[in-house]
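The values are calculated or read from the model by the stated rules, or taken from the named source; none is laboratory data. What you are looking at is a predicted structure, and each value in this text was computed from that prediction instead of being measured. Cβ sites come from the backbone with ideal geometry, for glycine too, and all protein chains shown count toward neighbours.
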Amino acid sequence: PPPPLPLARGRRRRGRAGRRGISGGTGGGGVDPAAVPGHSGRGTRTGDAMGQTVLLTGGAGYIGSHTFVALRAAGHDAVILDNFSNARGDVPDRLEVITGAPVRVYRGDVRDAALLARIFAENAIGAAIHFAALKAAGESVEKPLDYIDVNLGGLTALLKAMREAGCFRLVFSSSATVYGTPEVLPVPETAPRGYANPYGFTKLACEQILEQVGASDPRWAIATLRYFNPVGAHASALIGEDPQDFPNNLVPFVAEVALGKRAALNVFGDDWPTRDGTGVRDYIHVEDLARGHVMSLGHLIATGQSHTVNLGTGRGYSVLEMLAAYSRAVGRELPHVVAPRRAGDVAEVVADPSKAAALLGFRAEKGVDEMCASSWAFVSRRRNG
Ligand code: NAD
Ligand code: UD1
């Protein structure tokens, strides 16, 4: 088990029964635990006795829900705050099936200072992982103020609530988008930062806010995790990436081609300076990414040292290579057409993963075939309810 988290100052955990405003899962929501591969049937230790509670803002979302599972498996207690603007309402039920234990969820906005104060008062929060954000780069060009409001306002509200509660450990979801168009490949953490759209601007601004805040008080221990391209789903096929709107990213779009919802993948350019002319990215299995959060949090707890690391594999795959991997998972060739380049796209982005390996001992383990097979298992199961 991990070492106990330092508790928020002067906070006592209250009993759970009868607490208003928290909704848990309903014990399965029609999902049969026996049908879940890898489900142990045993209850997950909550760690309540040690007061180890991690707050996951945006914890019902794609990366947050997988990280919730990984934290529970590592023996941490966790509580979710999510407004479900980009998550399905049945995610808590599914998390209960996977973890075999109740899931505590606060439904609300991360910018709501009163709600945050209540969460810190009602739980012995030792650390927060801040996933909640708007994340569609294209949409951010149309709605920059919404992105600034949610992404910067959410972070500052959380930081203020944490400081008020005496909780100074934070893991932040950043992105390879802060590298803009990388000049050096694979990209090290020391590469110059930039942005190509308002979403990227907010991620860079959040990193800079965290630098200022971290420098202002030595009690802060802040992990900035720069994700490359997360894909795939949990082995249970109960949680995964579930876009509420149009699928902007490659793998969710390919999944819809596989489901028959779209005729063919539009390959955004085949004249890039890459091995087959299509864009190259560093795809990382979401379960590996989730494990990276647990390791980063462990490092914060053990050392109190802030860190900024890439979470990627160090290997790049082209659009056509990913389409081929997904076709293998589905068992038939999926169609594509070549379309014009997407505005703001870059040829290649691949992580230098060596710092995460040296500092955290983190190495991604799962390859693109596992990513695509688990994505397909999730979306085809979701299609059938
Ligand atoms: P997601 O949309 O699935 O998860 C975000 C969650 O936050 C959702 O459940 C949503 O309902 C919630 N949320 C949004 N606004 C909120 C608000 N105001 N108050 C409370 N909850 C709110 O996205 P994800 O892919 O899981 O991304 C998680 C984080 O990782 C984000 O910060 C994102 O910018 C970052 N990130 C994602 C990727 C990626 O490719 N998925 C890559 C790099 C960085
Ligand atoms: C996108 C976001 C970026 C975010 C990252 C990780 C944009 C402009 N950028 O980048 O901010 O940090 O996801 O979530 O949205 N592709 C196609 N057809 C498609 C979709 C994608 O050919 O329908 C290609 C793209 O041109 C690219 C590759 O697939 O070469 C991956 O695209 P995508 O999944 O959108 O990720 P990023 O471009 O890395």
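Odds and ends about this structure:
- Sole residue being of a type outside the set (Phe, Trp, Tyr), closer than 17 Å to residue 348 by Cα and within 11 Å of ligand 2 (Cβ to nearest atom), chosen from 202, 177: 177
- Any hit, the stretch 270-280, residues being crowded, with 22+ Cβ neighbours inside 10 Å, outside any strand (DSSP E or B) and modelled with pLDDT of 95 or more: yes
- Any hit, the stretch 213-222, residues being surrounded by fewer than 17 Cβ atoms within 10 Å (Cβ to Cβ), of a type outside the set (Gly, Ala, Ser), within 16 Å of residue 309 (Cα to Cα) and at pLDDT 95 or above: no
- Qualifying residue in the stretch 329-349 (condition: more than 16 Å from ligand 2 (Cβ to nearest atom) and aliphatic (A, V, I, L, M)): yes
- Residue list for the stretch 360-369, restricted to those being acidic (Asp, Glu) and either buried (at least 21 other Cβ atoms within 10 Å of the Cβ) or outside any loop (DSSP other than H, G, I, E, B) (or both): 369
- A count restricted to the stretch 336-359 and to residues that are closer than 13 Å to residue 177 by Cα and in a strand (DSSP E or B) stands at 3.
- Just one of the listed residues (264, 255) is more than 24 Å from the chain's Cα centre (by Cα) and within 12 Å of ligand 2 (Cβ to nearest atom), namely 264.
- Out of 315, 328, one residue alone is surrounded by fewer than 20 Cβ atoms within 10 Å (Cβ to Cβ) and assigned to a loop (DSSP other than H, G, I, E, B). It is 315.
- Residue in the stretch 253-262 that is out of contact with any Asp or Glu (no Cβ under 8 Å at 6 or more places or on another chain), within 23 Å of residue 333 (Cβ to Cβ) and loosely packed, with under 14 Cβ neighbours inside 10 Å present: yes
- Residue among 218, 182, 273 that alone is more than 10 Å from ligand 2 (Cβ to nearest atom), out of contact with any helix residue (DSSP H, G or I) (no Cβ under 9 Å at 6 or more places or on another chain) and within 26 Å of residue 296 (Cα to Cα): 218
- Matching residues, the stretch 297-312, being within 15 Å of ligand 1 (Cβ to nearest atom) and either surrounded by fewer than 23 Cβ atoms within 10 Å (Cβ to Cβ) or without any contact (Cβ under 8 Å) to a residue 60 or more places away in the chain (or both): 308
- Subset of the stretch 128-173 [within 10 Å of ligand 1 (Cβ to nearest atom) and in contact with a Cys (Cβ under 7 Å, 6 or more places away or on another chain)]: 151, 155, 172
- Options 196, 165, 221; residue that is out of contact with any Lys or Arg (no Cβ under 8 Å at 6 or more places or on another chain) and aliphatic (A, V, I, L, M): 196
- In this structure, residue 235 does not satisfy being small (Gly, Ala, Ser) and within 13 Å of residue 336 (Cα to Cα).
- When residue 258 is tested against (1) within 13 Å of ligand 1 (Cβ to nearest atom); (2) out of contact with any Pro (no Cβ under 7 Å at 6 or more places or on another chain), only condition (1) is not met.
- The one condition in (1) within 16 Å of ligand 1 (Cβ to nearest atom); (2) within 24 Å of residue 249 (Cβ to Cβ); (3) out of contact with any helix residue (DSSP H, G or I) (no Cβ under 6 Å at 6 or more places or on another chain) that residue 210 fails to fulfil: (2)
- Some residue of the stretch 79-97 being in contact with a Leu (Cβ under 7 Å, 6 or more places away or on another chain), part of a helix (DSSP H, G or I) and touching a residue at least 60 places away in the same chain (Cβ under 8 Å): yes
- Contact annotation: no residue pair with Cβ atoms under 9 Å, 6 or more positions apart or on different chains, pairs a residue in the stretch 103-132 that is at pLDDT below 95 with a partner that is near ligand 1 (Cβ under 10 Å from one of its atoms) and not basic (Lys, Arg).
- The lone exception for residue 293 - which of (1) buried (at least 20 other Cβ atoms within 10 Å of the Cβ); (2) under 19 Å from residue 368 (Cα atoms) it fails: (2)
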